[in-house]
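See below for the structure under consideration.
The values are calculated or read from the model by the stated rules, or taken from the named source; none is laboratory data. All values reported here derive from a predicted model rather than from experimental measurement. Virtual Cβ from ideal backbone geometry, glycine too; neighbours counted across all protein chains shown.
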Amino acid sequence: MILEIGEKVHVITRRLFETDLRRHFIGEVIRINETAALIEGYTFIFDNSKNQYIRRPEKRSRIVGIADSGYIINLLPVTADPEDAKYVQSKENKLVVSDGKTFSLEINEFGASR
C-alpha cells in the first residue's frame, strides 16, 4: 500500500473548469485498499467573495480514489493535527496550510503571482 491507516493527508480536488469549486480536504486515513482510501477530516472551500479558504465546521468521512487523476494527495507528517489546520499567507506572501505546530504546506494551485 502506498498509504497506511493513521497517515494524515491533504487532498486537492482538481478543477475541470475555471468556475468549478476549489475544494480541499485535510484528514486522517481510516481505511484503505488497493484503489481507495476512507479519510476522516475537514473540507475547505474557496470563498471568492472573501478570497480565502473557509473550513466547513463539521467533520466528514470521504472516500478518495488513490489512483484517480482527479485528486492531488499530499502526505502530511503523522504529527499534523487536522483539527487545527487553516490557510494563511506566508511571509513570502504565498498561500500555505498549517496546523500552527508541526506542518506547513505551500499550496501553489494559484501560481507564483497570487
**Report entry** Test for TYR53: is it touching a helix residue (DSSP H, G or I) at 6+ places or on another chain (Cβ under 8 Å) and either surrounded by 17 or more Cβ atoms within 10 Å (Cβ to Cβ) or basic (Lys, Arg) (or both)
**Finding:** no
Query raised in the report: modelled with pLDDT under 90 and closer than 20 Å to GLU4 by Cβ - does that describe any residue in region 22-31?
Result: no
Requested in this report: Being surrounded by 16 or more Cβ atoms within 10 Å (Cβ to Cβ), under 23 Å from LEU3 (Cα atoms) and under 15 Å from the mean Cα position of the chain (by Cα) narrows it down to one of ILE39, ILE63, so name that one.
Outcome: ILE39
Report task. Hey, can you tell me all the residues within region 1-45 that are among the polar types (S, T, N, Q) and under 22 Å from ASP81 (Cα atoms)? Result -> THR13, THR43
Query raised in the report: Does HIS10 meet the test of being of a type outside the set (Ser, Thr, Tyr) and out of contact with any Ser or Thr (no Cβ under 8 Å at 6 or more places or on another chain)?
Result: yes
Query - Members of region 90-102 that are closer than 16 Å to ARG55 by Cβ and either surrounded by fewer than 15 Cβ atoms within 10 Å (Cβ to Cβ) or in contact (Cβ under 8 Å) with a residue 60 or more places away in the chain (or both) - result: VAL97, GLY100
